[in-house]
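The structure under discussion appears below in the form of structure tokens.
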Amino acid sequence: MGSSYTNTKRKGGKPTQIQRLSKQALYLGAILLVCAAIYTAIKSIGNSDQSDASTQFPHGTIRELTSLRAFMPAYLSVNCKEPLLESIRTIRIAGTVESDGNSENFVLVKMRPDRMLFNLDRVTHEITYGIIGPEVWERIRIPKKDDIHTMIEGEAAEAWRAQSHFFDRIIEAHLGKGIITGIEAADWNGNDCLKVHITDANEKRVETFIDPFTMYPIAERQILSNGSIQQSEFFDYHDVDGIPIPFHIIASVNNTITTRTRIERAAINTGIMSRLFEVPDSLR
């Protein structure tokens, strides 16, 4: 992944570590799939030689579930029931992320439709990314020093905006922000699954693998602009006020693990002030 700080505007100084910190922070995009996401848990469905397209799962056979008309109601009934689909407005998640041998604490907050705040505690300083609509900004906070604010533009901003969607891409497509272009029978680690092809609101093509027994996402895969394959796998799901969320996520690029994310706390519809997401006054 290239430098995240081409074509940016800076105010308040330029620390020597900004480019390195930004690049590492972008690797944490897998975390944003969580809220954005609101995903669920993985369960084994047995060996592939024990089932086929006609096997009856709780929500139908593989063959039946490849129809969008059958798939979407089954998916929503597990991942975000209709009352919550309408009433959920915010989500707050806290945990740790491991990258390059380091473990750091993070807090992620999202507000519908397109506001996000991601704070990473690096012991000696904090780095925060804010997204509100098309605007993306960064704050570096070092004790006993003035905050350093930056407006992020170009590819780096596009990468953050792509992570700011509130629901996962399947639900976002259901709500008109993207489109499901196909569903097919597939295999994941020797088990039957469904592979959902999505073109999201940013015209990015993504494949999401679904366990037909639970209707939970198992993994998500995307080919990046440089040809690399980015993948996230979802494990250890918990019910959070009626929303299933994976508490363990492994992200990789070209089969090399980049981050391991573990969620410790999650809550929906907590009191969050919208001004927290606003661009800092020093950047206006």
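When restricted to residues that are under 17 Å from I249 (Cα atoms) and in contact (Cβ under 8 Å) with a residue 40 or more places away in the chain, region 180-214 contains 3. Of the residues screened, A186 is one that is touching a Cys at 6+ places or on another chain (Cβ under 9 Å) and of a type in the set (G, A, S). In the set (1) farther than 25 Å from T256 by Cβ; (2) open to solvent by less than 20 Å² (accessible area, probe 1.4 Å); (3) not aromatic (F, W, Y), the condition left unmet by I180 is number (2).
Residues in region 192-246 that are of a type in the set (D, E) and either buried (at least 20 other Cβ atoms within 10 Å of the Cβ) or within 26 Å of N269 (Cα to Cα) (or both): D192, D200, D211, E220, E233, D236, D239, D241.
Taken as a whole, the condition of being open to solvent by less than 20 Å² (accessible area, probe 1.4 Å), within 28 Å of G242 (Cβ to Cβ) and not acidic (D, E) does not apply to M111. Residues that are within 21 Å of S232 (Cα to Cα), β-branched (V, I, T), surrounded by fewer than 16 Cβ atoms within 10 Å (Cβ to Cβ) and at pLDDT 95 or above occur in region 86-105; there is at least one. May I ask you to list the residues in region 247-265 that are within 27 Å of G133 (Cα to Cα) and open to solvent by 30 Å² or more (accessible area, probe 1.4 Å)? Hit for region 247-265 is R265, nothing else. Every test in (1) more than 23 Å from I140 (Cβ to Cβ); (2) touching a helix residue (DSSP H, G or I) at 6+ places or on another chain (Cβ under 9 Å); (3) surrounded by 14 or more Cβ atoms within 10 Å (Cβ to Cβ); (4) at pLDDT below 85 is passed by F71 save one, and that test is (4).
Answer yes if at least one residue in region 272-282 is surrounded by 15 or more Cβ atoms within 10 Å (Cβ to Cβ) and either more than 18 Å from S164 (Cβ to Cβ) or basic (K, R) (or both), and no otherwise. No, region 272-282 has no match at all.
Of all residues in region 138-152 being basic (K, R) and without any contact (Cβ under 8 Å) to a residue 60 or more places away in the chain, which is most open to solvent (accessible area, probe 1.4 Å)? Please lay out each step first, then the result.
Pass one, region 138-152, residues basic (K, R): 139, 141, 144-145.
Pick out the ones that are also without any contact (Cβ under 8 Å) to a residue 60 or more places away in the chain and you get 141, 144-145.
Numbers: R141: 99, K144: 214, K145: 134 Å².
Per the stated criteria, the residue is K144.
Flag set for E155, criterion: in contact (Cβ under 8 Å) with a residue 12 or more places away in the chain, open to solvent by 50 Å² or more (accessible area, probe 1.4 Å) and over 25 Å from I245 (Cβ atoms).
Going by what's in this entry, would G130 be described as part of a strand (DSSP E or B) and either in contact with a Leu (Cβ under 8 Å, 6 or more places away or on another chain) or open to solvent by 30 Å² or more (accessible area, probe 1.4 Å) (or both)? Steps first, answer last, please.
On the way: part of a strand (DSSP E or B): yes; either in contact with a Leu (Cβ under 8 Å, 6 or more places away or on another chain) or open to solvent by 30 Å² or more (accessible area, probe 1.4 Å) (or both): yes.
Here the answer is yes, as G130 does meet what is asked.
For region 134-149, name all the residues that are among the basic types (K, R) and touching a strand residue (DSSP E or B) at 6+ places or on another chain (Cβ under 8 Å). Steps first, answer last, please.
Taking region 134-149 as the starting set, the residues that turn out to be among the basic types (K, R) are 139, 141, 144-145.
Listed by number, the residues that qualify are R139, R141.
The values are calculated or read from the model by the stated rules, or taken from the named source; none is laboratory data. A quick note: this is a predicted structure, and the numbers were derived from the prediction, not measured. Cβ atoms come from the backbone with ideal geometry, glycine included; neighbour counts cover every protein chain shown. Just so you know, the surface numbers come from the protein's heavy atoms only, side chains and all, with ligands and any DNA or RNA stripped out. Shrake-Rupley method; radii C 1.70, N 1.55, O 1.52, S 1.80 Å.
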